[in-house]
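Peer 1: Handing you a structure now.
Read-outs: derived from the displayed coordinates by stated rules, not from any lab. Being a predicted model, the structure only gives us computed values, none of them experimental. Neighbour counts are summed over all protein chains in view; Cβ atoms, including those assigned to glycine, are modelled from backbone coordinates with ideal geometry.
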Amino acid sequence: MLSVHLVVVHRNRGMTCQETVHRFLQQAEFLDLFALTVTVVDNGSTNEHLADLRSGLASRVEIIETGENLGFGPGANIGLNRWLKSSSQNQSDVCLLAPHDARPADRTLEHLIQCFSLHTEAGLACADVGDGQVPRIDPWLGPIGEPQTEDGDSPSWVLADYPHGTLMALRRDCLAEIGVFDERYFAYCEEADLGLRAGKAGWTVGLVRGALVDNPESNTDAAIIDYLMVRNTLLLLRLHYGWANLWFRIGVLVAEHVIGWWRPAVRSPYHSGQARLRASVDAIVGRFGPPNFC
């Protein structure tokens, strides 16, 4: 039987995380196709949420408490590095990664694991968030979605530039070669960076169309999300394409802000002019890691 590991990154949603982990375990047990072991990395949750986590999961999973909010990427790295250093006996070649509110649909794990196992050239893969888009990276704009135009049976394997962070699969040999997440990102765009690094090392990335997953919750302030998305997109462009691409993207940000001021209805729901200004300055001077914007 195939052995698969799951890392879940959690913060202040103890009951939600319980439900998420039980969904994964129940789906794996029902399919009886692979053995699933689980590590939950807690990013500095309150005592109340930690108690909820321990009461519902302690007997079935490993819970690692970081004591602080490290961010999604750094928190995931704790679980991933623990998995990579695991004993060679009974070790899994595939690790799944998800946030605490991931909701895989029926048979999503089966489709994701089977497709990923067949494509041994792929170092990373992800489930389908149901938006009809394929994750792409534009050298001048950063992570974008490209409409899916291919027809085919579901589930189907679609080449992508990077995996969605809602539910991804990572191959041990790939991470051993390229490393884990760049912790400067803290949260957002770290999966795009990982996808680019995998591609440069000769690995492919796939999206399993029809292996549906959702993550319905978000407890992060909209301005913080806007700050991190802008700052980290600029970091991604500078690292992989150069300073000219960073400055071009800043020009696009300025144009978006002017248009949004003129026509507020076209703004994104996370749009914050102050957050974007601070994000651009921090990206230029090299301030990364936990968000400095408040």
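Peer 1: At 0.36 nm per residue, and after removing the present C-alpha to C-alpha distance, how many nm does the segment from Gln26 to Lys85 gain when stretched out fully?
Peer 2: So the extension gain works out to 18.6 nm.
Peer 1: Now for a different question. Just to verify a number: FRET efficiency for Leu141 and Ala201, C-beta to C-beta distance, R0 = 22 Å, to 0.05?
Peer 2: 0.40
Peer 1: Show me the trypsin sites (Lys or Arg not before Pro) within the range 15-119 that DSSP assigns to loop and that have at most 10 other Cβ atoms within 10 Å of their Cβ.
Peer 2: Answer in residue order: Lys85.
Peer 1: What does DSSP give for the chain in terms of the percent of beta bridges that are antiparallel, rounded to the nearest 5?
Peer 2: Restricted to the chain, the bridges split so that about 45 percent are antiparallel.
Peer 1: Farthest toward the dipole's positive end in the chain, which of Phe181, Ala125, Leu141, given Cβ charges of +1 (Lys, Arg) and -1 (Asp, Glu) about the Cα centre?
Peer 2: Checked the options; the winner is Leu141.
Peer 1: Modelling each spin label as a point 7 Å along the Cα-to-Cβ direction, I'd like the Glu256/Leu2 distance in nm, to one decimal.
Peer 2: 3.7
Peer 1: Follow-up question, since we're still on this one. Charges only on Cβ, +1 for Lys and Arg, -1 for Asp and Glu: so what's the dipole of the chain about the Cα centre, in debye to the nearest 20?
Peer 2: 840
Peer 1: Grab the beta carbon distance between Met15 and Asp106, set R0 = 25 Å, and tell me the FRET efficiency rounded to 0.05.
Peer 2: 0.70
Peer 1: Between the range 151-193 and the range 213-243, what's the alpha-carbon centroid distance in Å?
Peer 2: Distance between centres, Cα-based: 15 Å.
Peer 1: Hey, rough spin-label estimate for Ala222 and Ala176, points 7 angstrom out along Cα→Cβ, what's it come to in nanometres?
Peer 2: If labels sit at Ala222 and Ala176, their model points lie 4.7 nm apart.
Peer 1: Which of these, Phe34, Phe72, Phe181, has the largest mean-square fluctuation under a Gaussian network model of the chain (Cα springs below 10 Å)?
Peer 2: Residue with maximal mean-square fluctuation among Phe34, Phe72, Phe181: Phe34.
Peer 1: Let me ask you something else. Would you be so kind as to identify which of Leu57, Met229, Thr166 lies farthest towards the positive end of the dipole of the chain, taking Lys and Arg as +1 and Asp and Glu as -1 on Cβ and the Cα centre as origin?
Peer 2: Most positive-ward Cα: Met229.
Peer 1: If you don't mind, another one. Obtain the nm distance between the two label points defined at Ala35 and Ser55 by a simple spin-label model: each point lies 7 Å from its Cα along the Cα-to-C-beta direction.
Peer 2: Reported label-point gap for Ala35 and Ser55 is 3.1 nm.
Peer 1: Say we join alpha carbon atoms closer than 10 Å with springs in a Gaussian network model of the chain; which of Ser117, Ser45, Ser86 then has the biggest fluctuation?
Peer 2: The residue with the greatest mean-square fluctuation here is Ser86.
Peer 1: For Ile64 and Phe248, compute 0.36 nm times the residue count separating them, minus their Cα-Cα distance, and round to one decimal in nm.
Peer 2: 62.1 nm
Peer 1: A follow-up question, please. If you place +1 on the Cβ of every Lys and Arg, -1 on the Cβ of every Asp and Glu, and leave all else neutral, what size is the dipole of the range 1-130 about its Cα centre, to the nearest 20 Debye?
Peer 2: Using only the charged Cβ atoms, the result is roughly 160 debye.
Peer 1: Another question about this same structure. Counting only helical runs of four or more DSSP H residues, what would the 222 nm mean residue ellipticity of the chain come to if each run contributes -39,500 (n - 2.57) and the total is spread over all its residues?
Peer 2: Helix contribution divided over all residues of the chain: -13500 deg cm²/dmol.
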